[in-house]
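Report on one structure; see the data block that follows.
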């Protein structure tokens, strides 16, 4: 187990991958709502651009600040040296290439979802309004990109060799707010690090009670 695997935010964002199927389902519901207004290629292109562009641009230029969850984030000024090294590894060309490849691959199932949308037309919970359906599909596809690109980025971090991680320079703390996208209220500490180095406390032996002394029987003279 690598030393930086004790960072709980890595596991939280890696688990975000399991939200991907739900986003795919809502994207299908959105594409199934209403009657198409544009040619299929243009509708897919519209949903793809709106859903891919913001997340991909964020990961390319100002990657998501991984020390955040829900509406809270760890204050950049309170990060440890290992956490600053993780931020340095988020700004590599490998991360950028992986983001582009993952986003491009996600466009393939989007096209198939559009083809299958008529099958889901009777089960979609959305009103049969095409513009609303396309908006829901675009937002859901935005979630698809977020919950794919971010776990992919974290997975690359977790595969970093221990020796390479130890020699990685720490990211300048005063540049974090400029170079990363931070969501949430900034706190001193959000989550404690995970650790498996628990020291067992030996049980204190309890003193044994002496057996009761039998009563003395007086001897008759």
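A few comments on the model shown:
- Among the candidates 26, 9, residue that is touching a residue at least 60 places away in the same chain (Cβ under 8 Å), surrounded by 15 or more Cβ atoms within 10 Å (Cβ to Cβ), part of a helix (DSSP H, G or I) and in contact with a strand residue (DSSP E or B) (Cβ under 7 Å, 6 or more places away or on another chain): 9
- Across segment 69-84, the number of residues qualifying as touching a strand residue (DSSP E or B) at 6+ places or on another chain (Cβ under 7 Å) and within 17 Å of residue 179 (Cβ to Cβ) comes to 3.
- No other residue among 45, 87, 56, 50 is closer than 25 Å to residue 3 by Cα, modelled with pLDDT of 95 or more and either part of a loop (DSSP other than H, G, I, E, B) or out of contact with any strand residue (DSSP E or B) (no Cβ under 7 Å at 6 or more places or on another chain) (or both) apart from 87.
Results for (1) within 30 Å of residue 33 (Cα to Cα); (2) at pLDDT below 95, shown as yes or no for each residue.
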| residue | (1), (2) |
| --- | --- |
| 98 | no, no |
| 103 | yes, no |
| 106 | yes, no |
| 110 | yes, no |
| 116 | yes, yes |
| 119 | yes, yes |
| 122 | yes, yes |
| 128 | yes, yes |
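- Taken over segment 93-129, the residue count meeting the criterion of being part of a helix (DSSP H, G or I) and in contact with a helix residue (DSSP H, G or I) (Cβ under 9 Å, 6 or more places away or on another chain) is 24.
- Single condition residue 173 does not satisfy, out of (1) surrounded by 20 or more Cβ atoms within 10 Å (Cβ to Cβ); (2) under 17 Å from residue 62 (Cβ atoms); (3) touching a helix residue (DSSP H, G or I) at 6+ places or on another chain (Cβ under 6 Å): (1)
Quick grid of which residues meet (1) surrounded by 17 or more Cβ atoms within 10 Å (Cβ to Cβ); (2) touching a strand residue (DSSP E or B) at 6+ places or on another chain (Cβ under 6 Å); (3) over 30 Å from residue 34 (Cα atoms); (4) at pLDDT 95 or above:
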| residue | (1), (2), (3), (4) |
| --- | --- |
| 125 | no, no, no, no |
| 134 | yes, no, no, yes |
| 145 | yes, no, no, yes |
| 152 | yes, no, yes, yes |
| 162 | no, no, yes, no |
| 199 | no, no, yes, no |
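The values are calculated or read from the model by the stated rules, or taken from the named source; none is laboratory data. Keep in mind the model is a prediction, meaning the values are calculated, not measured. Cβ atoms come from the backbone with ideal geometry, glycine included; neighbour counts cover every protein chain shown.
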